[in-house]
1. Indicate the gyration tensor shape class of the stretch 189-276 (rounded, prolate or oblate), computed on the Cα atoms with a ≥ b ≥ c the square roots of the eigenvalues: a/c under 1.5 is rounded; otherwise a/b larger than b/c is prolate and the rest oblate.
2. To the nearest 10 square angstrom, what accessible area does residue 345 show with a 1.4 Å probe?
3. With every protein chain present, what is the per residue accessible area of the chain (1.4 Å probe, Å²)?
4. In degrees, nearest 10, range 0 to 90: what is the angle between the Cα axis of helix 240-249 and the longest Cα principal axis of the chain?
5. Taking a probe of 1.4 angstrom, what is the accessible area of residue 327 in Å², to the nearest 10?
6. Let me have the 222 nm mean residue ellipticity of the chain computed from DSSP H runs of 4+ only, each contributing -39500 (n - 2.57), with the sum over all residues rounded to the nearest 500.
7. Indicate the gyration tensor shape class of the stretch 287-350 (rounded, prolate or oblate), computed on the Cα atoms with a ≥ b ≥ c the square roots of the eigenvalues: a/c under 1.5 is rounded; otherwise a/b larger than b/c is prolate and the rest oblate.
8. Taking the chain as the reference, fit the longest principal axis to its C-alpha atoms, fit the long axis of helix 17-32 to the helix C-alpha atoms, and give the angle between the two in degrees, 0 to 90, nearest 10.
Amino acid sequence: MSRPSLAILLYSMGGGGAERVISTLLPSFKEHFEVHLVLFEKIVAFEIHGVPLHILGRNQVHERGLFKLLKLPFLAYQYARFLKKHQITHSFSLMSRPNYVNLLASFWGGGSKIILSERATPSLQYAGDSLGARINRFLIRSLYPKAPLIIANSQGNAKDLRENFGIAPKRLCTIPNPFDLERIQALSLEGTPLEGEDRYTFVSVGRLDRGKNHRLLIEAMEAFKGESVALYILGEGELKDELLSLIRAKGLENQVYLVGFKPNPYPWIKGAQAFLFGSNHEGFPNVLVESLALGIPILSTDCPSGPREILAPQSPQELLLKGLELTPYGILVAKNDKKAMVEAMQKLLHQESHFSKESLLDRAKSFSKEIIQESYLKALFS
């Protein structure tokens, strides 16, 4: 019997969460499949482990919504031809547009088993009345229910697909992101950027956009103005100038620092006393597990979805938090609640809550690549 073949379709292998997940899983996939990596753009920032690379059409990151919509049938037809040519038995796509193409390609036949991976909370990611948001909501409602299997990377994402997009529970499964814990710990030793910092240090990592809500963290830091407390924010984005202006307006230039994107954020996280996270919504926040893997306690908003699943796995995931909640692995605060954020920061500063480094590391092991890759293989072969 010939070996099964797996095509993995996504935008690119640039610096994102889905791309990191695929890079982590490729060695395991190669043991069980003849693997092909199919990208919309030839951008490769992660190791692809010798897997053949194919580029589908000519695409650009900043194409307009209507143009992107009109291109979908052409990309789907090209992808369908690729699947037939290479006799692909399993077609696995990640993120919205690759998922649309994967499903549309199946209408041309070919017999591949179609598997989608949803990485965000679609009702929040595509909220609002913009043309792009309305198009994406329409496509998800129209196409996703036809998929034999959709892998959500958090319980919150799966719930959103069920309740807001009519996806049958039998077509859904939840598999969290995998992590190479040994690699994270090794990379954390490559430099000591916070060496010599004698203040209590918070670190946050994330793109400077509305969703990540760094404004909340900066405004919370105003409560510690003049105290021996610092916040370092790693990331780039469209709100950089706005956040710099806010820092100056609050007189926090000597306590809050925007240090830009860092290819290796782990020495920064390891050098901090705690990790801050202010997001309004997430898919599965990788950086929280990465902080656990380095033994760093976390203070995070209880946003949909991900933080509660990671920090309070035994609690009801539908819990609507008001104020703050101490969990075994960190502190959760209500979304966009400055008062609760300040109170939680004070608890960490005054050591009113203690988090065992060993328990944080043990929690991170639940997301090790060795465990998660087995779940992916079971889903693909089911």
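The values are calculated or read from the model by the stated rules, or taken from the named source; none is laboratory data. Note that this is a predicted model, so its numbers are computed, not measured. In this analysis, Cβ positions are derived from the backbone assuming ideal geometry, glycine residues included, and neighbour counts consider all displayed protein chains. Only protein heavy atoms, including side chains, enter the accessible area calculation; ligands, DNA and RNA are left aside. Shrake-Rupley method; radii C 1.70, N 1.55, O 1.52, S 1.80 Å.
1. On the way: a/c = 1.97, a/b = 1.16, b/c = 1.70.
Note, shape of the stretch 189-276 comes out oblate.
2. So the heavy atoms of residue 345 present about 0 Å² to solvent.
3. Dividing the accessible area of the chain by its residue count gives 45 Å².
4. Computed tilt is about 10 degrees.
5. Approximately 10 Å² of residue 327 is accessible to the 1.4 Å probe.
6. Numbers: 15 runs with 153 residues, N = 382.
Taken over the chain, the calculation gives -12000 deg cm²/dmol.
7. Details: a/c = 1.74, a/b = 1.03, b/c = 1.69.
It comes out oblate by the Cα gyration axes.
8. Tilt relative to the chain: about 50 degrees.
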